[in-house]
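Peer 1: There's a structure below that I have some questions on.
The values are calculated or read from the model by the stated rules, or taken from the named source; none is laboratory data. These numbers come from a predicted model, not from an experiment. Heads up, the Cβs are rebuilt from the backbone with ideal geometry, glycines too, and the neighbour counts pull from every protein chain shown.
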Amino acid sequence: MGFARACSVALVGVDGVVVEVQADLEPGVAAFTLVGLPDKTLVESRDRVRAAVVNSGAAWPQKKLTVGLSPASVPKGGAGFDLAVAAAVLGAAEVVDPGAIADLVLIGELGLDGRVRPVRGILPAVLAAAEAGYRQVVVPQQCAAEAALVPDVSVLGVRSLRQLIAVLTDGVVPEEEPPDPPGRPDPMLAGLFVPGAGLGTGLARGAGSGGEAPDHPDLSDVAGQHAARRALEVAAAGGHHLFLSGPPGAGKTMLAERLPWILPPLTRQDSLEVTAVHSVAGILPPGEPLVTKPPYCAPHHSATMQSLVGGGAGVPRPGAVSLAHRGVLFLDEAAEFSAKALDALRQPLESGHVVIARAAGVVRLPARFLMLLAANPCPCGRHNLQGAGCECPASVVRRYQARLSGPLLDRVDLRVEVEPVTRSDLLGRGGRGEDTATVADRVREARARAAARLADTPWRLNSEVPGHELRTRWPAAPGALAQAERDLERGLLTARGLDRVLRVAWTVADLRGRDRPDALDVAVALELRTGIARGATLPPGGGS
Ligand SMILES: Nc1ncnc2c1ncn2[C@@H]1O[C@H](COP(=O)(O)OP(=O)(O)O)[C@@H](O)[C@H]1O
Ligand SMILES: [Mg+2]
Ligand SMILES: [Zn+2]
């Protein structure tokens, strides 16, 4: 009788899979059977599609209607199939030409009134459609800019099913009121971000988009803290995780908020990856969908496991570890996070992704981030401060510090004990520190040196190179490791620790523009690794 097909896209993690939607009309008692969606989604989608079609002024076919989504094996959550289902039904009923929709990919949720609502994950969905050879996509109007990031695909943004029908029947496209303003912050994101100075939701992005006025917190605002600033630069250059410990009010949070701005802008590939994750999370800002700055995500220590690692019904939402992908994950008051939360970080730290278990199988989300931990030395924060009266019992201090020990800190190459900021620092007696642009330049050059050395390897950053590879292929200058080897013999350093020192020494050498680490680079690395000052200070500015 009547048959039509259209396509849509299912999301598996942050990957899209093209799904075919077929509608078939047979004579018989009016009925609407929808197959190929999970039960709950299915019933809701069926009701929405029917109401939307009727409320768009099209007649609902009074016949036996069957719609199927295939392949059946692909898990299909969310409401993004509505538009394709409606199009296929209208095609089978010959309200629209079935030939006009057969090669269309349609993505969008329908309201009962026929409005087309935005869905999460447009970018990865359209990427998948393009990869599968489709050239025309229909998306909710609000998502059109995001869809247009994909080259070689023509994008039609629609506000309503009526508009789609008009386009497909060469009718006059009706005006529609713009959608409701994007008020209502996502409840899942509430409490996930620590609002930072000028960082809004805690996601840093879009430097320079608003003219030349500085729109980021600058490193030159941080008084004193030379060791921590140096460590921040080394962390950025080599991708080393960093742990800052010290009393409250010393500038740890200030430093953390400045880290994303000394990282280089994302490469095109990384930009698309990050944008895809943020798209699936539903947090892309409307007019400016492409994320080009490394993201910054600072979950509060009370954040739920789901908001940390991701999850939730339907299309799983990326958690903080994925929102920080290719950027910075800052765990402030790190010792206050639950043991379970800290433990959950191990998998992404090891593999660069998180695996979320679902009824329909597991979903992998990217989660490769630079981790920055900050913690007070004890619950009151005044431990080890001269004359500051910490009354925490020694056992409490030990237990507090032990929370951050073991496997997690083992992944952290850099540790710095931040001293309280002094009055003379604050008054600028020591001179103003370097600004973000200067440090960012050095970081960029150091990364370029490392990348050139690591060309033809799977690694880009020193922190990614496995220890044995580093030792055999990129040794330090002769004798440069003498001090570290003595530390190893005295039990002050483990063999694994020695690898880490060499790795950090390479980054220090890259920052100084050296061909390989010398004794000074190794001494700086040892300091940064153990947090124990040995007087191996470099002149400010990284020169030698
Ligand atoms: N090193 C510093 N230089 C300039 N201001 C500082 C410094 N340390 C702290 N401050 C001031 O104190 C406030 C709190 O600092 P913060 O970074 O939150 O400290 P922490 O995270 O170590 O507790 C900052 O907003 C800033 O006004
Ligand atoms: Mg703080
Ligand atoms: Zn204390």
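Peer 1: Within the range 35-51, how many residues turn out to be more than 35 Å from the chain's Cα centre (by Cα) and buried (at least 18 other Cβ atoms within 10 Å of the Cβ)?
Peer 2: 1
Peer 1: Report yes if some residue within the range 14-30 is in contact with a strand residue (DSSP E or B) (Cβ under 6 Å, 6 or more places away or on another chain), loosely packed, with under 13 Cβ neighbours inside 10 Å and assigned to a strand (DSSP E or B); otherwise report no.
Peer 2: no
Peer 1: Same structure, new question: When you scan the range 264-275, do you find a residue that is closer than 27 Å to Trp459 by Cβ, more than 18 Å from the chain's Cα centre (by Cα) and assigned by TED's automatic domain parsing to the domain that holds Ala339, even just one?
Peer 2: Going residue by residue through the range 264-275, those that are closer than 27 Å to Trp459 by Cβ are 264-275.
From what is left, the residues that are more than 18 Å from the chain's Cα centre (by Cα) are none.
No, the range 264-275 has no match at all.
Peer 1: Return the residue satisfying two criteria in turn: it lies in the range 296-343 and is within 16 Å of ligand 1 (Cβ to nearest atom) and part of a helix (DSSP H, G or I), and of such residues it is surrounded by the most Cβ atoms within 10 Å (Cβ to Cβ).
Peer 2: Going through the qualifying residues, I end up with Ala334.
Peer 1: Would you pick out the residues in the range 268-297 that are aliphatic (A, V, I, L, M) and over 26 Å from Ala357 (Cβ atoms)?
Peer 2: Let us first name the residues in the range 268-297 that are aliphatic (A, V, I, L, M), namely 272, 274, 276-277, 280-281, 283-284, 290-291.
Within the range 268-297, Leu272, Leu284, Leu290, Val291 qualify.
Peer 1: I want to confirm something. Restricting to the range 261-280 and keeping residues that are among the β-branched types (Val, Ile, Thr) and out of contact with any Pro (no Cβ under 9 Å at 6 or more places or on another chain), which single residue is nearest to Ala236 (Cα to Cα)?
Peer 2: First, pick out the residues of the range 261-280 that are among the β-branched types (Val, Ile, Thr): 262, 267, 274-275, 277, 280.
Within this subset, residues satisfying the condition of being out of contact with any Pro (no Cβ under 9 Å at 6 or more places or on another chain) are 262, 267.
Working: Ile262: 7, Thr267: 15 Å.
Of everything passing the filter in the range 261-280, Ile262 is nearest to Ala236 (Cα to Cα).
Peer 1: In the set Pro366, Pro348, Pro294, Pro289, which member is free of Cβ contacts under 8 Å to residues at least 40 places away in the same chain and away from ligand 3 (no atom under 16 Å from the Cβ)? Outline the logic, then answer.
Peer 2: Working: Pro366 fails: free of Cβ contacts under 8 Å to residues at least 40 places away in the same chain; Pro294 fails: free of Cβ contacts under 8 Å to residues at least 40 places away in the same chain; Pro289 fails: free of Cβ contacts under 8 Å to residues at least 40 places away in the same chain.
None of the other options fit; the residue is Pro348.
Peer 1: Further, regarding this structure: Give the range 378-399 a look and list any residue that's within 19 Å of Phe337 (Cβ to Cβ) and assigned to a helix (DSSP H, G or I), or say none.
Peer 2: Val396, Val397, Arg398, Arg399
Peer 1: I'd like the residue in the range 361-371 that is closer than 26 Å to Leu263 by Cα, in a strand (DSSP E or B) and out of contact with any Asp or Glu (no Cβ under 9 Å at 6 or more places or on another chain) and, out of all such residues, is farthest from ligand 2 (Cβ to nearest atom).
Peer 2: Selected residue: Leu365.
Peer 1: Return the residues of the range 132-144 that are in contact with a strand residue (DSSP E or B) (Cβ under 8 Å, 6 or more places away or on another chain) and more than 19 Å from Ala87 (Cα to Cα); say none if nothing qualifies.
Peer 2: Here is the first cut: in the range 132-144, the ones in contact with a strand residue (DSSP E or B) (Cβ under 8 Å, 6 or more places away or on another chain) are 132, 134-144.
The answer is Ala132, Gln142.
Peer 1: How many residues does the range 43-64 hold that are over 17 Å from Gly171 (Cβ atoms) and not in a helix (DSSP H, G or I)?
Peer 2: Of the residues in the range 43-64, 5 are over 17 Å from Gly171 (Cβ atoms) and not in a helix (DSSP H, G or I).
Peer 1: Further, regarding this structure: Do you know which of the residues in the range 417-439 that are of a type in the set (A, V, I, L, M, F, W, C) and surrounded by fewer than 18 Cβ atoms within 10 Å (Cβ to Cβ) is farthest from ligand 1 (Cβ to nearest atom)? Break it down into steps so the answer makes sense when it comes.
Peer 2: Going residue by residue through the range 417-439, those that are of a type in the set (A, V, I, L, M, F, W, C) are 418, 421, 426-427, 437, 439.
Now drop any that are not surrounded by fewer than 18 Cβ atoms within 10 Å (Cβ to Cβ), which leaves 426-427, 437.
Details: Leu426: 6, Leu427: 11, Ala437: 18 Å.
Among those that are of a type in the set (A, V, I, L, M, F, W, C) and surrounded by fewer than 18 Cβ atoms within 10 Å (Cβ to Cβ), it is Ala437.
Peer 1: Being within 16 Å of ligand 2 (Cβ to nearest atom) and more than 19 Å from Ala235 (Cα to Cα): is that true of Arg358 here?
Peer 2: Working: within 16 Å of ligand 2 (Cβ to nearest atom): no; more than 19 Å from Ala235 (Cα to Cα): yes.
No: the conditions fail for Arg358.
Peer 1: I've got another one for you. Which is out of contact with any Lys or Arg (no Cβ under 9 Å at 6 or more places or on another chain), in contact (Cβ under 8 Å) with a residue 60 or more places away in the chain and loosely packed, with under 12 Cβ neighbours inside 10 Å, of Arg444, Arg473, Arg496, Arg503? If you could, list the steps in order and put the result at the bottom.
Peer 2: On the way: Arg444 fails: loosely packed, with under 12 Cβ neighbours inside 10 Å; Arg473 fails: in contact (Cβ under 8 Å) with a residue 60 or more places away in the chain; Arg503 fails: loosely packed, with under 12 Cβ neighbours inside 10 Å.
Going through Arg444, Arg473, Arg496, Arg503 in turn, the sole match is Arg496.
Peer 1: Could you check, for the range 394-405, whether at least one of its residues is surrounded by 15 or more Cβ atoms within 10 Å (Cβ to Cβ), of a type outside the set (Phe, Trp, Tyr), at pLDDT below 90 and touching a Gly at 6+ places or on another chain (Cβ under 6 Å)?
Peer 2: Taking every residue of the range 394-405 in turn, none turns out to be surrounded by 15 or more Cβ atoms within 10 Å (Cβ to Cβ), of a type outside the set (Phe, Trp, Tyr), at pLDDT below 90 and touching a Gly at 6+ places or on another chain (Cβ under 6 Å).
Peer 1: Restricting the range 369-403 to residues that are basic (Lys, Arg) and touching a residue at least 24 places away in the same chain (Cβ under 8 Å), which is farthest from Pro294 (Cα to Cα)? Break it down into steps so the answer makes sense when it comes.
Peer 2: Let us first name the residues in the range 369-403 that are basic (Lys, Arg), namely 382, 398-399, 403.
Restricting the remaining residues to those that are touching a residue at least 24 places away in the same chain (Cβ under 8 Å) gives 382, 403.
Working: Arg382: 33, Arg403: 29 Å.
So, considering only residues that are basic (Lys, Arg) and touching a residue at least 24 places away in the same chain (Cβ under 8 Å), the one farthest from Pro294 (Cα to Cα) is Arg382.
Peer 1: Anything in the range 52-64 that is within 21 Å of Asp113 (Cβ to Cβ), surrounded by 18 or more Cβ atoms within 10 Å (Cβ to Cβ) and either among the charged types (D, E, K, R) or without any contact (Cβ under 8 Å) to a residue 60 or more places away in the chain (or both)? List them, or say none.
Peer 2: Pro61
Peer 1: What number of residues within the range 234-253 satisfy the criterion of being near ligand 2 (Cβ under 8 Å from one of its atoms) and in a helix (DSSP H, G or I)?
Peer 2: 2
Peer 1: If you don't mind, there's one more thing I want to ask. Tell me yes or no: at least one residue of the range 79-88 is at positive phi, surrounded by 24 or more Cβ atoms within 10 Å (Cβ to Cβ) and not hydroxyl-bearing (Ser, Thr, Tyr). Lay out the reasoning, then the answer.
Peer 2: Here is the first cut: in the range 79-88, the ones at positive phi are none.
No, the range 79-88 contains no residue that is at positive phi, surrounded by 24 or more Cβ atoms within 10 Å (Cβ to Cβ) and not hydroxyl-bearing (Ser, Thr, Tyr).
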